[in-house]
Amino acid sequence: MPDVITVRVQTGSDSFQEVVVKIERPTYNKPFLGGFRNVSTGVEFHNAGSQTKPKKRPDKGIQLFSKEIQTVVEKNMRQQTRNTTSTQMTKTGLYVSNMTDKLITPGKYFTAEEYHKRRLEAVIVLQKYFRRWHAINLVQNLREQKWLRLAWEAQEELRKKREKEEKLRREYEKKLNPKTKEDFELLYHELELWMQEETERINRTLTGAKRKAALCALLEEETELIACIGMHKIDANLENQQKAILRFLHKCAQPRMWKAFDGKITEMDTPNSLRGKELLEIYHSINTKDIPKDERISVLLALKCTVKEHECKLTQEIVALIDREIDLMSREVKECNLEGLRERICTLFLQYIKIPEFNPGVAGLLKVPPDPLKLYKNVYFCHSCEKYLAPTEFLIPANARTIGRCRSCYRLDNEARQRESYWKYRLILENLRKSEVDYQDDSKIVFLVQLPDLKYLIENIWNCQSALSAYSDLYDLVMVRWDKQHEWSPWNTILLTKEEADAHLKLCNLQKTYEAPFICKVEQKHIRAKNYFAQIPAMSSYLHRSNNQANANSYK
């Protein structure tokens with residue numbers, strides 16, 4: 001058939017119109033829809049289908065595959081065995097040997113109940129062996145845990161013993177070679193304990209004139225010991241003074257440091273730190289002893305050039321002393337006769353270093369500022385030594401209404417009268433402040449408590465022993481919060497050992513953990529602490545706040 005044909009179409013009764021029709025070739029094969037065949041003529045006729053294209057499904061962007069239905073196709077076939085077999089029985093005229101036959105006899109019949117009973121017995125046997133194996137493993141684990149626990153307890157006992165020995169060794173070292181004020185305080189306390197023991201022994205064993213003579217001898221021995229302690233104190237003060245000067249000079253020469261984002265420390269020398277290093281090296285040089293004469297002269301000349309950069313009365317005096325020492329050294333004067341002159345040069349040069357005009361880095365390290373007007377509003381008068389001192393030099397106890405004596409006067413009075421040692425209480429207070437800082441909840445009361453207040457709290461309220469175990473060694477006792485949800489205060493504390501404190505701080509509900517009599521006992525101690533510390537004006541606001549909070553909790 002051509003691609004284009006002309007079709008004549010009747011448009012009216014007598015009118016026709018020729019229409020050009022374009023034949024479109026199908027792009028697919030039409031499906032066979034069946035048909036029939038004329039038997040007489042043999043002509044085949046097919047069923048006609050629609051000539052429209054089938055509607056395409058919208059493209060989903062996914063490639064689809066059609067599958068046939070997975071139906072099992074069954075097929076029955078007869079098969080013949082490979083070997084044809086048959087059974088032959090004995091009969092008349094035929095003998096079949098029974099030598100290889102087996103005789104099968106029926107066993108004992110058992111019912112379903114007996115079967116289940118046998119199964120149950122077998123299960124019980126299996127359970128017995130399993131439980132035995134499980135018990136062996138459990139006992140083995142418990143034994144290992146016991147061994148580990150015993151080893152841990154032995155290790156902890158050894159650790160505690162070593163710590164106690166180390167503390168005793170440090171305390172003995174402090175008594176043998178006292179260096180700091182706390183060491184001498186401990187030494188005077190031991191002297192007082194020894195005096196009390198000796199006095200008690202004399203009063204118990206002697207009477208009359210012998211007792212008076214023994215007490216006089218004891219007094220003389222005490223006087224000698226006090227004089228000996230005083231000599232040690234003078235030597236320690238000189239050594240500590242020299243160490244303090246060196247620390248001060250090292251701070252002046254320390255470079256600027258800051259931490260970068262990657263954690264590295266960056267150091268930068270400034271003109272002030274370089275000037276401090278120069279003066280520190282000169283101070284080291286002039287303090288060095290037993291050096292040759294030529295080196296000493298070169299050190300003095302370097303010092304002379306340094307101080308000549310600034311013209312004032314102090315530098316003129318230093319230059320004059322340097323010239324005098326050089327002149328005496330040229331005359332072969334002995335070294336022992338020059339010690340006073342050299343100490344005077346060191347003292348004047350130290351005064352030169354502490355002047356900010358000559359050493360700018362020292363301006364922020366001086367306790368006394370160059371301008372005396374800044375001290376007038378921040379200075380208090382000590383009525384004992386009659387000195388004007390900074391507020392940090394005064395020790396204000398809880399029951400004080402005014403600023404009384406300074407720390408030095410308190411220490412001197414303690415050495416002469418009570419001779420009490422605050423070293424153990426100082427350790428407890430330092431540990432308490434460190435633990436409160438770790439909470440990071442802006443705790444303030446712990447920094448208002450002073451050593452006499454803490455001593456009263458431990459001795460008079462908690463009786464110097466643990467509230468749980470009555471352990472009385474202050475080395476192993478710590479003060480922690482009673483209720484860890486609130487900040488520490490004398491009415492929210494408890495005295496425990498370190499192990500008991502760790503366990504106490506892990507508790508969530510105190511009412512369920514402790515018994516009612518113990519809680520009542522602790523609350524009574526808190527009430528006593530409130531009555532004592534209510535005398536402090538700075539603590540009154542915290543006390544009222546805690547009372548309001550307690551009332552609100554009881555109302556809830």
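The values are calculated or read from the model by the stated rules, or taken from the named source; none is laboratory data. On a predicted model such as this, the values are computed, not experimentally measured, just so you know. Counting neighbours? That spans all protein chains shown, and the Cβs are built from the backbone with ideal geometry, glycine included. With ligands, DNA and RNA removed, areas are computed over all heavy atoms of the protein, side chains included. Shrake-Rupley method; radii C 1.70, N 1.55, O 1.52, S 1.80 Å.
Tabulated values for the structure
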{"read-out": "Residue list for region 179-188, filter: open to solvent by 30 Å² or more (accessible area, probe 1.4 Å) and either among the charged types (D, E, K, R) or without any contact (Cβ under 8 Å) to a residue 40 or more places away in the chain (or both)", "value": "LYS179, LYS181, GLU182"}
{"read-out": "Residue match in region 421-428 (condition: in contact with a strand residue (DSSP E or B) (Cβ under 9 Å, 6 or more places away or on another chain), among the hydrophobic types (A, V, I, L, M, F, W, C) and closer than 14 Å to VAL522 by Cβ)", "value": "no"}
{"read-out": "Residue match in region 463-481 (condition: surrounded by 13 or more Cβ atoms within 10 Å (Cβ to Cβ), assigned to a helix (DSSP H, G or I) and among the acidic types (Asp, Glu))", "value": "yes"}
{"read-out": "Top-ranked residue of region 18-36 - restricted to ones that are open to solvent by 100 Å² or more (accessible area, probe 1.4 Å) and at pLDDT 85 or above, ranked as nearest to LYS56 (Cα to Cα)", "value": "LYS22"}
{"read-out": "Tally of residues being in contact (Cβ under 8 Å) with a residue 40 or more places away in the chain, under 24 Å from the mean Cα position of the chain (by Cα) and open to solvent by less than 30 Å² (accessible area, probe 1.4 Å) across region 421-438", "value": "4"}
{"read-out": "Among the residues listed as TYR439, TYR456, TYR425, the single one being at pLDDT 85 or above and in contact with a Phe, Trp or Tyr (Cβ under 8 Å, 6 or more places away or on another chain)", "value": "TYR456"}
{"read-out": "Checking GLN418 against (1) crowded, with 17+ Cβ neighbours inside 10 Å; (2) out of contact with any helix residue (DSSP H, G or I) (no Cβ under 6 Å at 6 or more places or on another chain); (3) touching a residue at least 40 places away in the same chain (Cβ under 8 Å), the condition it does not meet", "value": "(1)"}
{"read-out": "Yes/no for LYS55 being surrounded by 10 or more Cβ atoms within 10 Å (Cβ to Cβ) and either closer than 30 Å to THR27 by Cα or at pLDDT 95 or above (or both)", "value": "no"}
{"read-out": "Pairs with Cβ under 7 Å, 6+ apart, first in region 484-503 and of a type in the set (Phe, Trp, Tyr), second open to solvent by 20 Å² or more (accessible area, probe 1.4 Å)", "value": "TRP491/LYS530; TRP491/SER546"}
{"read-out": "Given (1) in a helix (DSSP H, G or I); (2) surrounded by 10 or more Cβ atoms within 10 Å (Cβ to Cβ), number of the condition VAL96 does not satisfy", "value": "(1)"}
{"read-out": "Those residues of region 240-256 which are in a helix (DSSP H, G or I) and either at pLDDT below 85 or open to solvent by less than 80 Å² (accessible area, probe 1.4 Å) (or both), in sequence order", "value": "ASN240, GLN242, ALA244, ILE245, LEU246, PHE248, LEU249, CYS252, ALA253"}
{"read-out": "Subset of region 267-313 that is of a type in the set (Ser, Thr, Tyr) and open to solvent by less than 50 Å² (accessible area, probe 1.4 Å) - its residue that is nearest to CYS346 (Cα to Cα)", "value": "TYR283"}
{"read-out": "Residue in region 191-227 that is nearest to GLN418 (Cα to Cα), counting only those that are touching a Lys or Arg at 6+ places or on another chain (Cβ under 8 Å) and touching a residue at least 24 places away in the same chain (Cβ under 8 Å)", "value": "GLU192"}
{"read-out": "Scan of region 217-233 for residues that are open to solvent by less than 50 Å² (accessible area, probe 1.4 Å) and either within 14 Å of TYR188 (Cβ to Cβ) or not in a helix (DSSP H, G or I) (or both), ordered by number", "value": "GLU222, ILE229, GLY230"}
{"read-out": "Tally of residues being outside any helix (DSSP H, G or I), exposed (fewer than 11 other Cβ atoms within 10 Å of the Cβ) and in contact with a helix residue (DSSP H, G or I) (Cβ under 9 Å, 6 or more places away or on another chain) across region 319-363", "value": "0"}
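Residue-by-condition table, conditions (1) more than 30 Å from LYS233 (Cα to Cα); (2) outside any loop (DSSP other than H, G, I, E, B); (3) of a type in the set (A, V, I, L, M); (4) touching a helix residue (DSSP H, G or I) at 6+ places or on another chain (Cβ under 6 Å):
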residue	(1), (2), (3), (4)
GLN127	yes, yes, no, no
LEU138	yes, yes, yes, no
GLU171	no, yes, no, no
ARG204	yes, yes, no, no
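Residues checked against (1) within 30 Å of LYS354 (Cβ to Cβ); (2) within 46 Å of the chain's Cα centre (by Cα); (3) open to solvent by 80 Å² or more (accessible area, probe 1.4 Å):
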site	(1), (2), (3)
ASN177	no, yes, no
ILE202	no, no, no
THR207	no, no, yes
LEU238	yes, yes, yes
TRP258	yes, yes, yes
